[in-house]
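The values are calculated or read from the model by the stated rules, or taken from the named source; none is laboratory data. Predicted model only: the values in this text are computed from it and were never measured. For neighbour counting, all protein chains shown are included, and Cβ atoms are generated from backbone atoms with ideal geometry for every residue, glycine included. Just so you know, the surface numbers come from the protein's heavy atoms only, side chains and all, with ligands and any DNA or RNA stripped out. Shrake-Rupley method; radii C 1.70, N 1.55, O 1.52, S 1.80 Å.
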Amino acid sequence: MAGPSTAVMAGAEPFAFPGGDGPEGRTGVLLVHGFTGTPMSMRPWGEHLAAAGFAVRCPLLPGHGTRWQDCNLVTHDEWTTAVGAAFDELAADCDRVFVAGLSMGGTLSLRLAEVRGDDVAGLLLVNPSLLTERLDAKLLPLLARITPSWAPIASDIKKPGITELAYPKLPTRAVLQLRELWAATRADLGRVEVPLILFRSRVDHIVEATSGKVLLAGVSSTDATEVVLEDSFHVATLDNDAPTIFARSVEWIRERTPAAEPR
């Protein structure tokens with residue numbers, strides 16, 4: 001079997017913005033992209049957060065941003081490890097760090113809050129996935145043995161002329177890893193106690209509304225807000241409602257950031 005590729009697609013690179021010190025101290029936001037996607041889907045959000053003064057970091061998840069075959073070679077533990085490492089890098093320079101994720105990036109953000117709840121200041125989730133009700137998903141274990149790829153899930157975007165930088169095929173063996181991540185995350189939802197805001201597209205052709213319902217019913221957070229996006233599909237960070245997500249995120253983070261003690 002061929003080993004993983006090292007060539008990253010142009011535009012898929014990880015990114016980081018330094019931010020600055022505000023009256024509440026130094027606040028960071030870790031961004032996590034979705035399954036088969038890249039940091040490209042998160043960059044406009046990251047740029048908006050950085051312009052507001054927050055330190056921002058968005059890693060490229062293992063098996064992503066190169067070729068779809070590479071995604072079939074990694075495990076969900078490698079994804080969670082990469083997110084944890086990026087969080088630590090950001091936290092080393094910040095007083096507090098919020099975690100924001102799109103789709104599987106939202107799942108990974110939840111998982112981080114489950115295992116390291118004392119470290120995470122809050123969660124900002126855009127169409128996070130926790131399960132699927134698609135009938136063909138029941139055949140996935142068989143499909144993964146028969147074929148390494150399936151029809152793509154990228155670029156579910158309502159806004160004309162916008163294309164997500166993502167894989168042209170769905171790596172079936174990697175989907176099995178995603179399903180294991182879903183199961184582990186659903187089992188521990190009660191451990192999530194941090195503030196969270198859920199941005200959910202009313203029309204989403206990739207993640208069903210059930211994921212959002214399971215999330216809100218399962219977490220222990222007493223500070224949980226749902227914002228329904230009326231004019232976007234799944235990749236809402238690149239869609240018509242992106243300005244709403246960006247502006248509301250800055251407002252929400254600032255409302256949950258304590259004032260710094262006088263020096």
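Leaving ligands, DNA and RNA out of it, report the carbon-plus-sulfur percent of the accessible area of the range 156-263 at a 1.4 Å probe.
On the way: 2650 of 5240 Å².
Answer for the range 156-263 is 50 percent, counting heavy atoms of protein chains only.
Of interest is the spacing of the C-alpha centroids, which for the range 39-72 and the range 98-115 amounts to 13 Å. Summed over qualifying helices (DSSP H, 4 residues or more, each -39500 (n - 2.57)) and divided by its residue number, the chain shows a 222 nm mean residue ellipticity of -10000 deg cm²/dmol. Here the alpha carbons of the range 1-108 define both size measures, Rg and Dmax, at 14.2, 53 Å.
Treating the beta-carbon of each Lys and Arg as +1 and of each Asp and Glu as -1, no other charges, what is the dipole magnitude of the chain about its Cα centre, to the nearest 20 debye?
Values: 24 positive and 32 negative charges, 143 e Å.
Dipole about the Cα centre, nearest 20: 680 debye.
For the range 194-256, a Kirkwood hydrodynamic radius built from all Cα pairs, placed in the Stokes-Einstein relation at 10 °C and 1.306 mPa s, yields a translational diffusion coefficient of 129 µm²/s.
Annotation: extensible slack from Lys159 through Glu47 equals 38.4 nm (criterion: 0.36 nm per residue apart, minus Cα-Cα distance).
A cut-off of 5 Å between modelled amide H atoms, ignoring neighbours fewer than 5 places along the same chain, links Ser201 with Asn127, Leu229.
Taken along the Cα-to-beta-carbon direction at a fixed 7 Å, the label points for Leu131 and Ala209 span 1.6 nm. The angle separating the long axis of helix 242-255 from the principal Cα axis of greatest extent in the chain is about 40 degrees. Placing dummy labels 7 Å off each Cα toward the beta-carbon, the span from Ala7 to Asp231 is 4.0 nm.
Considering Cα pairs under 8 angstrom that are at least six residues apart, work out the relative contact order of the range 58-115 and quote it in whole percent. Intermediate values should be presented prior to the final figure.
Details: 36 pairs, mean separation 16.4, N = 58.
Dividing the mean separation by the residue count of the range 58-115 yields 28 percent.
When peptides 214-226, 111-123 are sorted by average Cβ neighbour count within 10 Å, with the highest value leading, the order is 111-123, 214-226.
In this simple spin-label approximation, Thr81 and Asp223 carry label points 7 Å from Cα along the Cα→Cβ vector, and these lie 3.3 nm apart.
Could you order peptides 26-39, 57-70 by the average number of other Cβ atoms within 10 Å of their residues, highest first? Don't jump to the answer; show the numbers that get you there.
Values: 26-39: 27.3, 57-70: 22.7.
Output ranking for 26-39, 57-70: 26-39, 57-70.
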